[in-house]
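Report on one structure; see the data block that follows.
Please treat every number below as a calculation from the coordinates, not as lab data. As the structure is a computational prediction, the values presented were derived from the model and not from experiment. All Cβ positions, glycine included, derive from the backbone under ideal geometry; neighbour counts span all protein chains shown.
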Amino acid sequence: MAKRKALITGVSGQDGSYLSELLLEKGYKVYGMVRRTSSSDWWRISHLMNDIELVSGDLTDQSSLNRLMAQIQPDEVYNLAAQSFVAISWEQPVYTANVTAVGALHLLEAIRESAPRARFYQASSSEMFGKAQQFPQNENTPFHPRSPYGVAKVYAHYITMNYRESYNMYACSGILFNHESPRRGPEFVTRKISSSVARIKAGLQDKLALGNREVRRDWGFAGDYVRAMWLMMQQDKPSDYVIGSGENYSVQDFVSEAFAVAGLPWEKHVTVDQAFFRPAEVEVLLSDPSRAQHELGWSLEVDFQQLVRMMVRADIERLKQKGTLSL
Ligand code: NAP
Ligand code: G4F
């Protein structure tokens, strides 16, 4: 039997790398879309280079997406590409809208025109709940985004729903709460903390400057969350699902836990810098993932404490391999 074909946009990102591994394990032929950059340092997928096929495209370039759909005729398309850093979305709001909002529309149009049988997954976000109107947040909670990024994700979410309703496409969205890993970008708060802890332990850094440590997030492990994406694409009917841990912790909780893993006193090292506060903050997020648990049979394997330990140890290990830390 011919292999099922999956196209992943954002393959070089955190989730793209874990999803590629999962789909390869399941026997898919994986096409990963990458855009042209000056560095091409795809460190998260360097171990997969012989197993996946990289194809060139950009979410802002309709013609590249049309061509890819026509050539590949994928069975499943996972749209993980985005300008995904909330803080930057105030600095680059138009760019964020072009990539994160209209980019999803470009992809849906390409599918509709050139690969109409392909199933489509949109990477929606708990940032859409923003100033949350109810606790915990489920599939029926109203959206109140607090950043240009959140607003862009709301557009992408609704256009996905609209294509499902207008064209009877198998188009679904996963409303994913924060998920992290050793492959998380260093600008996000969890990885900023874990990499700083490793550097402080190694004597390469003394201070860690953070913004608001009172905000609470519902954090999970990215490897668990890509399983939910795949499950959503295997249902009889497309639908949208909230994916999260159902527990939340503050940034300060993450700090305390991470420094404890390395046996360091956080009070000696952590400082506050107003530069990391946001013009409008999402103070608290908390998921209710019960629908996904019941209908998809999805559950977490890694809890908060295990996640923090995994990230800190991975960053310590990275430094050891560079020969700068002997533990
Ligand atoms: P990430 O690590 O920031 O990866 C983003 C990916 O998008 C990268 O591969 C990036 O390519 C690619 N990309 C950016 N602009 C592009 C463009 N114009 N055309 C094509 N590709 C482009 O993000 P992630 O954490 O894996 O998240 C995956 C998706 O889930 C994103 O859409 C994010 O917004 C969403 N999401 C994430 C979370 C989370 O907690 N991680 C939660 C909810 C939703 P380069 O390598 O070239 O930059
Ligand atoms: O790690 P963050 O930058 O992630 P944020 O803004 O929650 O967004 C992430 O999760 C979303 C899902 O809800 C995704 F859609 C999105 O793509 C991204 O993956 O910040 C988390 C919290 C914020 O409240 C921020 O204000 O940490 C607070 N924070 C405090 N000090 C900091 C810092 N965030 C960063 N990045 N750096 C700091 O120094």
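Report the normalised scattering of the range 142-185 as log10 I(q)/I(0) at q = 0.19, 0.22, 0.24 Å⁻¹, calculated by the Debye formula with identical scatterers on the alpha carbons. These q points yield log10 I(q)/I(0) values of -0.73, -0.85, -0.91. On a 0 to 90 degree scale, rounded to 10, what angle separates helix 62-72 from the longest Cα axis of the chain? With rounding to tens, the tilt is 70 degrees. Overall size of the range 125-220 from C-alpha positions, given as principal axis extents largest first: 58, 26, 22 Å.
Give me the angle, in degrees from 0 to 90, between the Cα long axis of helix 222-232 and the longest principal axis of the Cα atoms of the chain, rounded to the nearest 10. For 222-232 against the chain, the angle is about 20 degrees.
Distances between placed amide hydrogens fall under 5 Å for Ile175 paired with Tyr241, Val242, Ile243, all partners being 5 or more residues away or on another chain.
Multiply the residue gap between Asp51 and Lys131 by 0.36 nm, knock off their C-alpha separation, and tell me the result in nm, one decimal place.
Values: separation 80, 0.36 × 80 = 28.80 nm, distance 4.18 nm.
Contour length minus Cα-Cα distance gives 24.6 nm.
Working note: Debye formula, equal point scatterers on the alpha-carbon atoms of the range 194-327, no solvent; log10 I(q)/I(0) at q = 0.09, 0.22 Å⁻¹ is -0.36, -1.24. If you plug the beta carbon distance of Asn98 and Lys320 into 1/(1 + (r/R0)^6) with R0 = 41 Å, you get a FRET efficiency near 0.50. A straight chain from Thr271 to Ala70 at 0.36 nm per residue would run longer than the Cα-Cα distance by 67.1 nm.
Classify the chain as rounded, prolate or oblate from the Cα gyration tensor: take a ≥ b ≥ c as the square roots of its eigenvalues, call it rounded if a/c is under 1.5, otherwise prolate when a/b beats b/c and oblate if not.
On the way: a/c = 1.74, a/b = 1.44, b/c = 1.21.
In terms of gyration-tensor shape, prolate.
About its Cα centre, the dipole of the chain is roughly 660 debye, where the only charges are +1 on Lys and Arg Cβ and -1 on Asp and Glu Cβ. Of the residues Ser64, Gly323, Gly103, the one whose Cα sits farthest towards the positive end of the charge dipole of the chain is Gly323 (charges of +1 on Lys and Arg Cβ, -1 on Asp and Glu Cβ, taken about the Cα centre).
Listed by chain and number, the lysines whose alpha-carbon sits under 17 Å from that of Lys131, ignoring those within fewer than 8 places in the same chain, are Lys153. By the compact-protein rule of thumb, 2.2 N^0.38 Å, the alpha-carbon radius of gyration of the range 268-309 corresponds to a ratio of 1.84.
One Cα centroid belongs to the range 139-158, the other to the range 35-105; the line between them spans 20 Å.
What is the sum of charges around Lys26, taking Lys and Arg as +1, Asp and Glu as -1, for the other residues whose C-beta is under 14 Å from the C-beta of Lys26? So the environment of Lys26 carries a net charge of 0. Considering only DSSP beta bridges where both residues belong to the chain, give the percentage that are antiparallel (nearest 5). Just about 5 percent of them are antiparallel.
Quick check: convex hull of the Cα atoms in the range 40-123, volume per residue, rounded to a whole Å³? Before the final figure, lay out the partial values.
Working: hull volume 9.0 nm³, N = 84.
Taking only Cα atoms, the range 40-123 has a hull volume of 107 Å³ per residue.
For Gln306 and Trp90, the difference between the fully extended length at 0.36 nm per residue and the C-alpha to C-alpha distance is 74.5 nm.
Given N residues in the range 1-160, what is Rg(Cα) / (2.2 N^0.38 Å)? Walk me through the intermediate numbers first.
Working: Rg = 16.0 Å, N = 160, 2.2 N^0.38 = 15.1 Å.
Rg over 2.2 N^0.38 Å, computed on Cα atoms: 1.05.
With point charges of +1 on the Cβ of Lys and Arg and -1 on the Cβ of Asp and Glu, referenced to the Cα centre of the range 175-243, which listed residue (Gly203, Val226, Tyr241) lies farthest in the positive direction of the dipole? Result: Gly203, furthest along the dipole toward the positive end. The residue list Val77, Leu54, Leu24 was ranked by how far each Cα lies along the charge dipole of the chain toward its positive end, using unit charges on Cβ atoms, and Leu54 comes out on top.
Can you compute the helix-only [θ] at 222 nm over the chain? Use -39500 (n - 2.57) per DSSP H run of at least 4 residues, normalise by all residues, nearest 500 deg cm²/dmol.
On the way: 11 runs with 123 residues, N = 327.
That comes out to -11500 deg cm²/dmol.
The charge dipole of the range 84-233, taken about its Cα centre with unit charges on the Cβ atoms of Lys, Arg (+1), Asp and Glu (-1) only, comes to about 420 debye.
Treating r as the C-beta distance of Ser166 and Arg213 and R0 as 51 Å, the FRET efficiency rounds to 0.70. Near the amide H of Val77, within less than 5 Å, lie the amide hydrogens of Leu7, Arg119, Phe120, Tyr121, all on another chain or at least 5 residues away, with H placed in the peptide plane.
Each Lys and Arg adds +1 at its Cβ and each Asp and Glu adds -1 at its Cβ; summed about the Cα centre, the range 266-318 shows a dipole of about 180 debye. With Cα atoms as the point set, the range 1-71 shows a radius of gyration and Dmax of 12.0, 39 Å.
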